[in-house]
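Comments concern the structure below.
Every read-out reported here was derived from the displayed coordinates using simple, explicitly stated rules and does not represent laboratory data. Keep in mind that what you see is a predicted model, and the values were worked out from it rather than measured. Cβ placement follows ideal geometry from the backbone for every residue including glycine, while neighbour counts extend to all protein chains displayed.
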Amino acid sequence: MNAALQATDQTAAASEQSLLALKQIVTAYGRIQVLHGLDLHINAGETVALVGANGAGKSTLLRVISGLQPATGELHFDGRDMAQAAAPSRVDSGIIQVPEGRRVFAGLSVEDNLYLGAYTRRDKRAIRDDLDRQYQRFPMLKEKRNQAAGTLSGGQQQMLAMGRALMGRPRLLLLDEPSMGLAPLIIEQVFDIVRELKKEGITQFLVEQNAAEALAIADRGYVLETGSIVMEGPGPQLLNDESVKEAYLGG
C-alpha cells in the first residue's frame, strides 16, 4: 500500500478536533476478533467513505459507532466520551444510521415510518416541516405516504430508510451499504442523494462495497482489510491508487 496514504501524526492530531474520533477500537464475536485496534476520525461536514471486501468488518464498525456492538477503545463524539453510552443516548446525540437492508417497518404506512425517525423529538411543528422536506426530497414517498412500507420496491424502501433517518436531524449519518441489491438506475439515484446531502453540509460516513462510487463522492476514504485500516487519504487519491484499483475496482 502507498505509504503516503498511511495514518500520520498529523491525522492523529486532526482526530482530536473531529466530530467523531475512534482510537484503538477492538471488538469480537465470541472468540473471533473482528476489529483490531482501529483508529478513524470524521470531521464535521465531511463525507467519509469506508471500503473493503465482504467480511472485512465494515458493518461491525458501524454497529460499534451506533452502540449496538460492544467494543474496547476510545469513542468520542463532539468531544464527549461515548465509549460506554447506550445506543439510545447516541441517537439522542445525533448519531443516526441507515441500516443495511433498509429494515423499514413493513406493516406501517410510509408516513408512519417517517414519523418514527423523529421519535426522540418533541418539536411537533419542526417535525411536520421536516416531513414536508422529505416529501420534497423524495416525491415518490409523498405519493405513497398512506401505503404500507412493505409493498414498496427495494429502491423505494431505501429512499424511505434514508428519509426516516433524516427525520432525526442527524449530526452524523451512517449509511450501511445503501446501494446493496438495487438496480443500476436506482443506485445512481441513491448516490445523487448522498451528493445532495453532502452539499447541504450533513456529515456522512458511507460504508460501501461499490468503492468507485463511494470514493468518487468522499472527501476522504479509508480502506478496511480483515478488521484493520490499511490505507486512508482523500477520496479521489484513493480512487486513483493502483493498489486500490487492483483490489476493489477491477484493475
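Here the Kirkwood formula puts the hydrodynamic radius of the chain at 18.5 Å, using every distinct Cα pair. Seen from every direction in turn and averaged, the convex hull around the alpha carbons of the range 23-136 projects onto 9.1 nm².
Once the C-beta distance of T226 and D123 is scaled by a Förster radius of 35 Å, the resulting FRET efficiency is 0.20 to the nearest 0.05.
For the range 122-251, the relative contact order is 16 percent, taking Cα pairs closer than 8 Å that sit 6 or more residues apart in sequence and dividing their mean separation by the residue count. Placing unit charges on each Cβ (+1 for Lys and Arg, -1 for Asp and Glu) gives the chain a dipole about its Cα centre, and among I187, A106, M231 the Cα reaching farthest toward its positive end belongs to A106.
Relative to the longest principal axis of the Cα atoms of the chain, the long axis of helix 154-166 lies at roughly 80 degrees.
With a Förster radius of 51 Å applied to the beta-carbon distance between K142 and R31, the computed FRET efficiency rounds to 0.55. Normalised by 2.2 N^0.38 Å, where N counts its residues, the alpha-carbon radius of gyration of the range 164-204 equals 1.19. Distance from the C-alpha centroid of the range 116-152 to that of the range 192-251: 29 Å, rounded to the whole angstrom.
The charge dipole of the range 178-220, taken about its Cα centre with unit charges on the Cβ atoms of Lys, Arg (+1), Asp and Glu (-1) only, comes to about 100 debye.
Normalising by residue count, the range 172-251 has a Cα convex hull of 99 Å³ per residue. Across every direction, the projection of the convex hull enclosing the Cα atoms of the range 206-251 has a mean area of 2.9 nm².
Taking the charge dipole of the chain about its Cα centre, with +1 at Lys and Arg Cβ atoms and -1 at Asp and Glu Cβ atoms, the residue from S59, L174, I96 reaching farthest to the positive side is I96.
Charges were assigned to the Cβ only: +1 to each Lys and Arg, -1 to each Asp and Glu. The resulting dipole of the chain about its Cα centre is roughly 1040 debye. Principal-axis analysis of the Cα atoms of the chain puts helix 124-137 at an angle of about 80° to the longest axis.
Taking the DSSP bridge list for the chain and keeping only pairs wholly inside it, about 55 percent are antiparallel. For the range 119-180, how big is Rg over Rh, using alpha carbon atoms and the Kirkwood form of Rh? Rg/Rh: 0.97. Under a Gaussian network description of the chain, with springs only between Cα atoms under 10 Å, the residue in A161, A214, A53 that fluctuates furthest is A53.
Per DSSP helix of 4 or more residues, -39500 (n - 2.57); summed, then divided by the residues of the chain. What does that give at 222 nm, rounded to the nearest 500? Helix contribution divided over all residues of the chain: -11000 deg cm²/dmol. Backbone phi angles across the range 50-61, fed through the Karplus curve with coefficients 6.51, -1.76 and 1.60 (θ = phi - 60°), yield HN-Hα couplings of 10, 10, x, 6, 4, x, 6, x, 5, 5, 4, 4 Hz in residue order; Gly and Pro are listed as x. Extension gain for D219-D112 works out to 35.1 nm (0.36 nm per residue, less the C-alpha to C-alpha distance).
Axis angle, to the nearest 10 degrees, between helix 184-199 and the longest C-alpha principal axis of the chain: 80 degrees.
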